[in-house]
Structures are given as structure tokens and as C-alpha cells.
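No value in this document is a laboratory result; all are computed from the given coordinates. Every value quoted in this text rests on a predicted model; they were computed, and no experiment measured them. Don't worry about glycine lacking a Cβ; one is built from the backbone with ideal geometry, like all the others, and counts go over all protein chains shown.
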Amino acid sequence: DTEVTQTPKHLVMGMTNKKSLKCEQHMGHRAMYWYKQKAKKPPELMFVYSYEKLSINESVPSRFSPECPNSSLLNLHLHALQPEDSALYLCASSQDHTGSSYEQYFGPGTRLTVT
Amino acid sequence: QKEVEQNSGPLSVPEGAIASLNCTYSDRGSQSFFWYRQYSGKSPELIMFIYSNGDKEDGRFTAQLNKASQYVSLLIRDSQPSDSATYLCAVNVGGYSTLTFGKGTMLLVSP
């Protein structure tokens, strides 16, 4: 089973709102990732959690705040976003992060629109 | 700077033909290579990965890796209209499973 789930599927929020994106995996993976993807572009890495600790932050603005409550869950808290933050937000997981031979599996994504 | 290059396409092939998708990478330290298929409006789906030089086959898909030439390809045999999608090549360099993606090649399979 290579399923990663994400909620909600779609989200529309104003620039003053606070919202959260959720991701869950039940594959026993110890690394989880947040990506942002704009139309006709490849995914861009935002954050990596390895064994529930933040391992990589790709210089993401502080209006995006990740959280890993446990090894199966990953949240992305959103606050004071800008219209240019509208994108498909993807969660992924892999068995581990330290080592290159680990496949990443993506969830279905959350389509975010900031008005 | 790590770069992964793909022809953006579209690559158009008739149904039943072999589609050949190519990818080159700049970092000789790259160790793992992945192909993702992405339908419009959907998330990337992992369809092949290859870690060693040579060919790896899975059903209608064959991944080919040539580390000396820094080249990885994906062959799709008996192409179907349902194969029409964008194919993303992703590479990582040893140490951490952080992927560098190419910009993707759009494949169009006509009935």
C-alpha cells in the first residue's frame, strides 16, 4: 500500500485567514515532505521532516509553518498568505531521508487559492 | 548547481507505438533516478525508479540508465491514449533523498 492522503482537496482562503493542510501516511515511512507546485512547473521542495524532526527548510517564508505531530501526520499551517501562494500543495513520504535510494510517494494534493 | 534537463515536448506518438522520453543530469554524484507520471490537475505518480546502470523493465515501461553519459530514459511500449500525461524525471544525489526534478515532458498519444 503506497497511499498518502491529504485534506482538504480544495481550499479557498483570504489573505487574513489562518488555515491548515493535513497529510497522513500509514506506510511506516519516517520521512515526510511538503512541496509546492505551480501550473506547468515541477514540484518545489518546501520542507522535509525526518523522524518527526524538521530536517530541511528551503528558505520558505514564515507564513508557512510546518508541524509533524507524529510519524504518520504532517501539517502545514498557513497564515497571511499572498495571492501568489496559490498553487497545488503536495505531501510526500519515503521510507527514510538519510540515503538516496528511497522512493517518494505523493499524496493527491491540496489545491489552494488565495483571494 | 544540480540540473535535470528534459525536452518539454509535446512528444506526439500514435497509439501502439513506442514513446521514448529522455532526461540528462549534470551532477555526476547522482545515485537514484525516478520517473513520475502526472496527469493534468493531479499529483505526480511514481512509475519507475532505477539505481544501477542498465535497463529495468516493469510491464510496458522500461527505464534505462547510463551514468557515464549522465542520461536516463523511459520507454513506453504499446502506448495508449491513457498514457497521455506529463512525465517528470527526478534525480537525487547521495546523502539525502532530496529530489531535483526536470521540467517534465508532455506526452500525447493519439488514437
Scan A:Lys53, A:Lys38 and give me the residue that is surrounded by fewer than 15 Cβ atoms within 10 Å (Cβ to Cβ) and within 28 Å of B:Gln6 (Cβ to Cβ). A:Lys38
Of the residues that make up segment B:15-29, is at least one facing chain A (nearest Cβ under 10 Å) and either more than 21 Å from B:Ser82 (Cα to Cα) or over 11 Å from the mean Cα position of the chain (by Cα) (or both)? yes
Tell me, which strands (runs of 3 or more DSSP E) lie completely within segment A:1-87 with 2 or more residues that are more than 29 Å from B:Leu107 (Cβ to Cβ) and not aliphatic (A, V, I, L, M)? A:18-25, A:44-50, A:53-57, A:64-70, A:73-79
Please specify each residue of segment B:30-42 satisfying the condition of being within 10 Å of chain A (Cβ to nearest Cβ) and either assigned to a loop (DSSP other than H, G, I, E, B) or more than 23 Å from A:Lys40 (Cβ to Cβ) (or both). B:Ser30, B:Gln31, B:Ser32, B:Ser40, B:Gly41, B:Lys42
Is at least one residue of segment B:37-49 within 29 Å of A:Gln6 (Cα to Cα) and of a type in the set (Lys, Arg)? yes
Search result, residues across segment B:79-103 that are at the interface with chain A (Cβ under 8 Å from one of its Cβ atoms), in a strand (DSSP E or B) and more than 11 Å from the chain's Cα centre (by Cα): B:Asn92, B:Val93, B:Tyr96
Residues being in a loop (DSSP other than H, G, I, E, B), surrounded by 14 or more Cβ atoms within 10 Å (Cβ to Cβ) and of a type in the set (Lys, Arg): count how many of those fall in segment B:43-78. 2
